[in-house]
Amino acid sequence: MGEITNFGDLFKKSVLELESFKQVALLEIVIALLIAFALGMFIYWTYYKTFRGVVYSHNYNVTFVIMTMLTTLIIMTISTNIVLSLGMVGALSIVRFRTAVKDPMDIMYTFWAVAVGIATGAKIYPIAILGSIAISAVLFFLAKRKGKDAPYLLVIQYEGKANEQVMVTLRRIKHVLKSKTIRKDMTEMTVELRLKDDNTAFVSELSSFDGVKDVALVSYNGDYAP
């Protein structure tokens, strides 16, 4: 009987500790989730507009919205009870993510979503809102600067008789030689170019030379190469 009484006391104590949840009003929960959703959609929109990777993933972008809201829920939950917060930290420590992140910018967006969720869950709304606006402005600024001087890879195949004309044309363009392969009388050359305002008229000029077999210009951001 003594053990049952002790168990009953322990149960009553646990119930009393969980009474702290009543401190979180339903209206506060709704407001926090709405703000988290709005800021998550703001992150979603920023990622969509500033994406400069190889293949855009809608599903990956959606995770930023959900992650913001989930983090808000977690922070609101652990802030109501110290005992529960320790248990949740232990539970979350077993989670492992195996997905490979190819672009470092994706990691930044993940941290952004988590940070907004933490600030929103802690009811520090000005930090979450103003911080998100500042980060988005910086991302748009940097994305615009990058677009003004976009990198390209030029792959050209030509015979030896066209070598002088090709070299004269390339000297007028800022470029870096990446590779050059010579097979008998055929040369294949890959160069990195920096172009402004989509000035690609030189591609037609190169292809018009006698002896030039093939010319390809590919947008290049460091993630892949032809």
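The values are calculated or read from the model by the stated rules, or taken from the named source; none is laboratory data. Source: prediction; values computed, not measured. A quick note on method: Cβ atoms are made from the backbone with ideal geometry, for glycine too, and the neighbour counts reach across all protein chains shown.
Could you tell me whether any residue of the range 50-61 is within 30 Å of residue 219 (Cβ to Cβ), in a helix (DSSP H, G or I) and in contact with an Asp or Glu (Cβ under 9 Å, 6 or more places away or on another chain)?
Within the range 50-61, one or more residues are within 30 Å of residue 219 (Cβ to Cβ), in a helix (DSSP H, G or I) and in contact with an Asp or Glu (Cβ under 9 Å, 6 or more places away or on another chain).
Mind listing whichever residues of the range 39-58 are among the small types (Gly, Ala, Ser) and buried (at least 17 other Cβ atoms within 10 Å of the Cβ)?
40
Among the candidates 3, 17, 28, single out the residue that is farther than 29 Å from residue 143 by Cα, modelled with pLDDT under 85 and surrounded by 10 or more Cβ atoms within 10 Å (Cβ to Cβ).
17
For residue 33, are the conditions met, namely being at pLDDT 90 or above and surrounded by fewer than 19 Cβ atoms within 10 Å (Cβ to Cβ)?
Answer is yes for this residue.
Are there any pairs, at least 6 apart or on different chains, whose C-beta atoms fall under 8 Å, with the first in the range 54-77 and in the same structural domain as residue 31 (by TED's automatic domain parsing) and the second exposed (fewer than 13 other Cβ atoms within 10 Å of the Cβ) and modelled with pLDDT of 90 or more, and if so, which?
Between residues of the range 54-77 that are in the same structural domain as residue 31 (by TED's automatic domain parsing) and residues that are exposed (fewer than 13 other Cβ atoms within 10 Å of the Cβ) and modelled with pLDDT of 90 or more, the close pairs are 56/48; 61/48.
How many residues does the range 144-162 hold that are exposed (fewer than 15 other Cβ atoms within 10 Å of the Cβ) and in a helix (DSSP H, G or I)?
The total comes to 7.
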